[in-house]
Each structure stands twice: as structure tokens, then as C-alpha cells.
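A short worksheet on the structure shown next.
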Amino acid sequence: MPGSLIGTSVLRVEDPDLIRGRSTYVGNLRLPTHSAGLLHAEFVRSPIAHGVLTSVDTSAARRAPGVVAVYTAADLAIPRHHQFVPMNDICARPVLAEDKVRFVGEAVAVVVAETPAAAADAAGLVDVRIEPLPAVGDPEQALAPGAPLQFAELGSNVAGGARDPEDTDPLDGADVVVRARLENQRVAVVPMEGNAIAVVPGAPGSGEPELTVHVSTQMPHLLRDRVAELFDLDKHAVRVVSPHVGGGFGGKAGIAPEHAVVVGAARRLGRPVTWVETRSENLVAMPHGRAQVHYVELGLRRDGTIVGLRARLIGDAGAYAGFGGGLVIGPTYAMAQGVYRIPALRYDGAVVLTNTTPVGAFRGAGRPEATAMLERIVDMAAAELGMDPAQLRRHNFLRPGDFPYPTATGVTYDTGDYELPLTRALEVAGYEQLRAEQSRRRAADERLQLGIGLSSYVEITGGGGGGEFGAVEVHPDGTATVKVGTSGHGQGHATSFAMLAADTLALPLESVRFVQSDTFTVPSGGGTGGSRSLQLGGNAVHAAAGAVLDQARKLAAELLEADVSDIVAADGAVGVAGVPDRGIGWAELATEASRRGSPLSAAPGFHQDGATFPFGTHVAVVEVDMETGMVRPVRHVAVDDCGRVLNPLIVTGQQHGGTAQGIAQALWEQVVYDEDGTPLSATLADYAMPSAADLPGFEVS
């Protein structure tokens, strides 16, 4: 439409506060004046990966200056639970270690004191006695006969899994079979802000909720429901508020054990209690990501046609079986076919327990793992067959006429033209010239050789579909409020959702206020995860804005004595199309609607039956020092088809961020444990987070 915001690069409205230090996080939260007496929690953590917890002596800590309370699991009696998505109830986690410790960093006790310093000093006085047990930090070793068991009642370290029927051999008829063991290594989430929570009990008789929980989370409504469940409260008695969140990337989904402990302490003491995770705590306690081992075999004919794929995957769940390890039988399985026609596919997955930090979600949560497995084995097949990797991909792509396409793993791709982004990416990269330069350097035996990597992917977004809350209201002052059940933590939600409402209602963007992440002002919501926010939340806001416009058009038609079909919104008013002087401003309309007892507001919600499947191709160019093995990224070209682009600037930012995290895992990041389960990468001095100086320029489209 003329003057439409959609598809234009609108600067993010949230950024001025973020870059000028005017934003509010849990760590710099100013609690209401009646919440005086804020207490600070400090956790006592296990230095041993596996052992019997024989005693926890808190007497010295209780006598320390400034200490208000010291709690162990027995003191708080909070039920065992799963942080996010359950995998196996036998492996539910205690919020503080009970009979055993199962990984280095597991919380054993908590000290609550008047100041952070007093709490930290007293935590050092807690005497924890642990009788060491043999530990296993590697998921393949955890499957070996005689491996130390995490939960004896399971009888093994396998917490779950899935197997395809063995009725046929997927490699039957192949001329060539390419085999590999691939490791998608464990990585730390490392958000700029770690976990943080401040719990304020309501004052008796004040009319306040029984608990107000300020927390850095991706899913406020889920956390509210978990708090209510764990403490046997009505969910309407719990208010969860998330101020600005300094990154999540999957690590802040659900309710962390430490969250539950702080809630329990605040309820016991009747005083507000806060905890802000240190960086070292974050690296050993926040759920890690990836942590998969892939045994994969790809069968092909001599002409490059794929015959079949056999994949056997191990997902390292860490010490307690939760969401992360289960990705091998969830999203990784779902996306194992990728962008290719694979006539036969057999897939087995095992979820394995180890004496390491539990594994959870990390950007993409199982889906990048599937792409990495498939694209690596396709590259190996190209080398084996002597084919160009781009040509082998083209030869096996699903075609546009194949869609909608039911895959062998049970999902149905909606649309796709996988050759289009591949062709475009190769053009942008200058692929033929790059191959020529690569050949020249090889022939000259130069020290710096050129590496050229390709990846063609299809992604699943919006999970299995579902619904989301979105509401729009226009006020008598002519401004509008947008409310949405997703929860932004850096993705540009405030800008994107405001653009949708402003565009529909023909209001200035600055007249739209954005509200999220408060369970008292936003009644329901799914939060943010699984690439669902704009797809579900955005459509909910778009529907709500459309419903408000319909209300306004009917009211304006009545007031102007015109046919409703002739009424449009333009330039901050609603009036007769093509007649600029026959319009009524939004302020006047909203005032009249309120006078009649029918405010201009709507919240129809949005529901989507299934997922969607965007796709693309990336080309990576690196220089490899053949004497030292040093790899230096030179160029990165990304061509992504993400459907209709709302704000190109925000999409570009997402491309940059995802590419940076992918390069970082490929070249630098890895969580490492020794043979006793002790983490060797527990600080940023040991865990290789790149800076902008380590990364190349990104050419995205």
C-alpha cells in the first residue's frame, strides 16, 4: 500500500535505551519502596562431578555476619522437576542436590544474606562432604558396559530414544557408501546476561499478588505456571515480569532449579530475595547446547543420485534427562532429510546421561545439528565421487513441483525452491573464480590454502504450529498499545510488532506503545523459542489491528453517514477514501467509542496448524595455514528465504547474529571436560568466545 512500513528498514525503536544504558535488567532493578530489606542469595556448588552427598554442615555459615538463612534440599522440600521439557521422570532434577551430586556446578545449598558480599563469604563456610564415585563425561563412554550409572533404577545411562524399523536396508542398491563419525560439540550459551531473578512476596492485605517474580526469561507465562505448580499456588497469585533480557538463545527457557530455590527462600522468609548469576556460574550451570555424536552413512549411485541414508545419533543429556539430549529424537530427527530427495532413510537416536552440565536448547535447538550432519556427509560424498559439491546438491534437491512434500521423518514441507538460493549464493560469492583461485594455490603449494564451504538447508519454524496472544487498543489520546504473548530479548520485537499495528491503522510508529513479558498485563503467551515470534505473535497482532480497524471503520461510517465499504485509514485518521476533509482522527474515534462503552480494542489471537519451512544456502570462504592449522574466515555469503520480510534491517541483524554463532562453533567454541568430569572451560579465559575482530564481513541477502 502507498506509504506502507512493511518491507522497509525501520530503525529499531528499542535500541536508544539499550545502547545508552537506560534499560532495566534484573541486576539493576529498582524494587518498590515497600520492598525494603532485599536479601541476596549465593549458591554452594559441587566441585565433584559424581559422588554420594554424605553431609552438608551449614552451622558455621548460619552464624556468619549478615546471614539470614542457609538452606539445603531438606529445608525447602521443593519437588523434583524438569527445567523445560521432560524426557524421563526417573531423571527429574532436585533443585538442590539430595542423595548424590551428578555434575560439577550442581547446587548443594544456598546462603541468603543482607548483602552479596556477606552471602559469598558465608557460602565458603558451608562444609560439604562428598564421597566420590566414578564419573563419565563422554556420552559414548557412558554407553559402554560397566560405565558409572547416573540413575541405578534405569539400569543404564540411556534415558530415552527411538529406533526406526529394520525391515529394509536404506543403503541397498548403492554403488558408493560414504561413512563418518561426526561430533556436534557441546557449547555454552553465554548470553551477555546470565540467569537473574528477584522474588518479592506480596504484602498481606495489600491486594498485590502473593508473589511477584522479576526474572530474565524467554517464557514468562511458562515460568509463572511452573512456579504455581511447584509451590501449589493459583497461577493468578503469581506475577512474572521480565524486564530487558540480555540474550537467551534457548538457555533461559523454563524454570531453572536456582529460580525455584530463590522463590522458596523468599516465601519462607517473607522478604524479597535476589540472585544474579556470575559468569563462572553461567558456564557450568546454565544448560549447554548441541552435544551430539552422529554415525552417518550415505549411499549413492555413481551418477551422484542419493539412494539412502542411515543415521545413528547420540544426544548427550548431561546429568539430568531433559530437553537437550532429546533433540536427537525431536527436531534433529524431524529435519534429518534436509533439502534432498532421499528415497530410504533409517534413523536411530539415543538420549544418554553423563556427569556433565545438563544440556538444553541453543539457537536452533536440534535443527542446525541435522543440517551439519547432512551437509558434511554430502561434501564427503562429493569428494568420493569426484563431483563439485554444488552440482551434487543440485542433482539431489527436491524440486518446486514436489511441494507440499511429506518427508521420511514425518513432517510436511510447505514450499521450497532450493536451487534458487544456491544459484544466487554462488553468483554473489563468485564461485567459479574462487574454485580457480583454490586450484592455483594448491598447484603452487602455497602456505595459505583456500577453503570453500557450502551448506544448503531447510529450517523448521513455528514448531508444530499452535497459537499466540496478541492485542491492540487505541486510546482516547490517539495512541495505541500492542500486547503480545511472545517475549523479546534482542530480536526486535518492539519494532516489528509496532510496525504491524502502525501500518494497519495508519498511525505514526512513535504513537504505538509495546507491552510484553508481564503476566498481569498480558494474560497468556507462549514466549519466545523455536523461531515462532513473528510467525505466530506477529500474525496475532496483525489480526488484532485489523479487528480494531474494522471497529473504527464501522463507527466512522456511522458518524460520517457514509458506507462502511468507503471508509479507510490514512494519515492518522479514519474517513472516506479519496476525500481528505471527511475523516475523523483516531483520538476522536477512540473517545467516542469509550463513551459508548466499547473501546477500540481487540485480541482475537492467532492459531497455526503446522510449521513452516524456510530455506537457504551459505558459502564460507576461509584461509587455512598449512603449517599451523590456523583457519581465518575471509568471506561469508548467506542467501536465506525467510518468507515475507517485515523489516530488512532486523532480518539482516538476525542473519549476522546466527552466522557469527555458527562460525564460532565451527572454529572456536567447545565445552571440554577431563576424564573425571571436571570442566576445563569454566571461564571465558578458557572458553573461546570470538570478538567482532575475529569475524569476516557478512554478505547477506
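The values are calculated or read from the model by the stated rules, or taken from the named source; none is laboratory data. Just so it is clear, the structure is predicted and the values come from calculations on it, not from any experiment. Glycine gets a Cβ as well: all are built from the backbone with ideal geometry, and neighbour counts include every protein chain shown. Heavy atoms of the whole protein, side chains included, go into the accessibility calculation; ligands, DNA and RNA do not. Shrake-Rupley method; radii C 1.70, N 1.55, O 1.52, S 1.80 Å.
Inspection of region 639-648 identifies at least one residue that is of a type in the set (G, A, S) and touching a residue at least 12 places away in the same chain (Cβ under 8 Å). Examine region 320-339 for a residue that is at pLDDT 95 or above, open to solvent by less than 10 Å² (accessible area, probe 1.4 Å) and in a strand (DSSP E or B), and state whether such a residue exists. Looking through region 320-339, none of the residues is at pLDDT 95 or above, open to solvent by less than 10 Å² (accessible area, probe 1.4 Å) and in a strand (DSSP E or B). Looking only at region 568-591, residues that are among the acidic types (D, E) and under 16 Å from V474 (Cα atoms) come to 2 in all. What about V68, is it open to solvent by less than 40 Å² (accessible area, probe 1.4 Å), touching a strand residue (DSSP E or B) at 6+ places or on another chain (Cβ under 8 Å) and either part of a helix (DSSP H, G or I) or at pLDDT 95 or above (or both)? Judged against the criteria, V68 is not a match. The set of residues in region 385-400 being buried (at least 18 other Cβ atoms within 10 Å of the Cβ) and among the polar types (S, T, N, Q) consists of N396 alone. Confirm whether A97 is closer than 22 Å to S280 by Cβ and part of a helix (DSSP H, G or I). The answer is no for A97.
Let's see how each residue does on (1) open to solvent by 50 Å² or more (accessible area, probe 1.4 Å); (2) under 30 Å from G464 (Cα atoms); (3) of a type in the set (D, E):
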residue: A543; (1), (2), (3): no, yes, no
residue: A552; (1), (2), (3): no, no, no
residue: E588; (1), (2), (3): yes, no, yes
residue: P599; (1), (2), (3): yes, no, no
residue: F606; (1), (2), (3): yes, yes, no
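Look at A120 and say whether it is farther than 19 Å from V200 by Cβ, outside any strand (DSSP E or B), in contact (Cβ under 8 Å) with a residue 60 or more places away in the chain and touching a Phe, Trp or Tyr at 6+ places or on another chain (Cβ under 7 Å). Criteria not met by A120. Filtering A361, A365, A350, A382 for residues that are closer than 24 Å to V284 by Cα, over 22 Å from the mean Cα position of the chain (by Cα) and open to solvent by less than 30 Å² (accessible area, probe 1.4 Å) leaves a single hit, A350. Scanning region 273-319 for residues that are in contact with a strand residue (DSSP E or B) (Cβ under 8 Å, 6 or more places away or on another chain), of a type outside the set (A, V, I, L, M) and open to solvent by 10 Å² or more (accessible area, probe 1.4 Å) yields a count of 11.
Among the residues of region 123-166, those that are outside any strand (DSSP E or B) and charged (D, E, K, R) comprise D138, E140, E153, D164, E166. Exactly one residue among V619, V624 is buried (at least 21 other Cβ atoms within 10 Å of the Cβ), closer than 30 Å to L448 by Cα and not small (G, A, S), and that residue is V619.
Being crowded, with 21+ Cβ neighbours inside 10 Å and either in a helix (DSSP H, G or I) or modelled with pLDDT under 95 (or both): is that true of L434 here?
no
For region 438-458, the candidate set comprises residues that are under 34 Å from the mean Cα position of the chain (by Cα) and open to solvent by less than 40 Å² (accessible area, probe 1.4 Å); within that set, the residue that is nearest to A547 (Cα to Cα) is V458. Taking region 464-488 on its own, how many of its residues are among the small types (G, A, S), open to solvent by less than 40 Å² (accessible area, probe 1.4 Å) and out of contact with any Ser or Thr (no Cβ under 8 Å at 6 or more places or on another chain)? So the answer is 4. Set side by side, the residues A620, A593 differ, and just one is within 30 Å of D503 (Cα to Cα) and at pLDDT 95 or above, which is A593. Just to check your reading of the model, which residue among D348, D379 is charged (D, E, K, R) and part of a helix (DSSP H, G or I)? Exactly one residue qualifies, and that residue is D379.
Inspect region 136-150 for any residue being farther than 22 Å from Y673 by Cα, open to solvent by 60 Å² or more (accessible area, probe 1.4 Å) and out of contact with any Lys or Arg (no Cβ under 9 Å at 6 or more places or on another chain) and give the result as yes or no.
Looking for residues that are farther than 22 Å from Y673 by Cα, open to solvent by 60 Å² or more (accessible area, probe 1.4 Å) and out of contact with any Lys or Arg (no Cβ under 9 Å at 6 or more places or on another chain), one finds none in region 136-150, hence no.
Screening region 231-240 for residues that are closer than 26 Å to P358 by Cβ and surrounded by 18 or more Cβ atoms within 10 Å (Cβ to Cβ) and picking the one that is nearest to the chain's Cα centre (by Cα) gives V240. The residues in region 71-84 that are among the hydrophobic types (A, V, I, L, M, F, W, C), open to solvent by 50 Å² or more (accessible area, probe 1.4 Å) and within 28 Å of G289 (Cβ to Cβ) can be counted, and the count is 0.
Within region 85-108, being surrounded by fewer than 24 Cβ atoms within 10 Å (Cβ to Cβ), closer than 14 Å to E258 by Cβ and either touching a Pro at 6+ places or on another chain (Cβ under 7 Å) or among the hydrophobic types (A, V, I, L, M, F, W, C) (or both) holds for R93, A107, V108. For beta carbons closer than 7 Å, sequence separation of 6+ or different chains, a first residue in region 674-697 that is on the phi > 0 side of the Ramachandran plot and outside any strand (DSSP E or B) and a second that is surrounded by 14 or more Cβ atoms within 10 Å (Cβ to Cβ) and of a type in the set (S, T, Y), the qualifying pairs are G677/T356.
Is at least one residue of region 195-202 crowded, with 21+ Cβ neighbours inside 10 Å, β-branched (V, I, T), touching a Pro at 6+ places or on another chain (Cβ under 6 Å) and assigned to a strand (DSSP E or B)? Checked against the condition, which is being crowded, with 21+ Cβ neighbours inside 10 Å, β-branched (V, I, T), touching a Pro at 6+ places or on another chain (Cβ under 6 Å) and assigned to a strand (DSSP E or B), region 195-202 yields at least one hit.
Note on region 663-698: residues that are in contact with a His (Cβ under 8 Å, 6 or more places away or on another chain), crowded, with 18+ Cβ neighbours inside 10 Å and not aliphatic (A, V, I, L, M) amount to 2.
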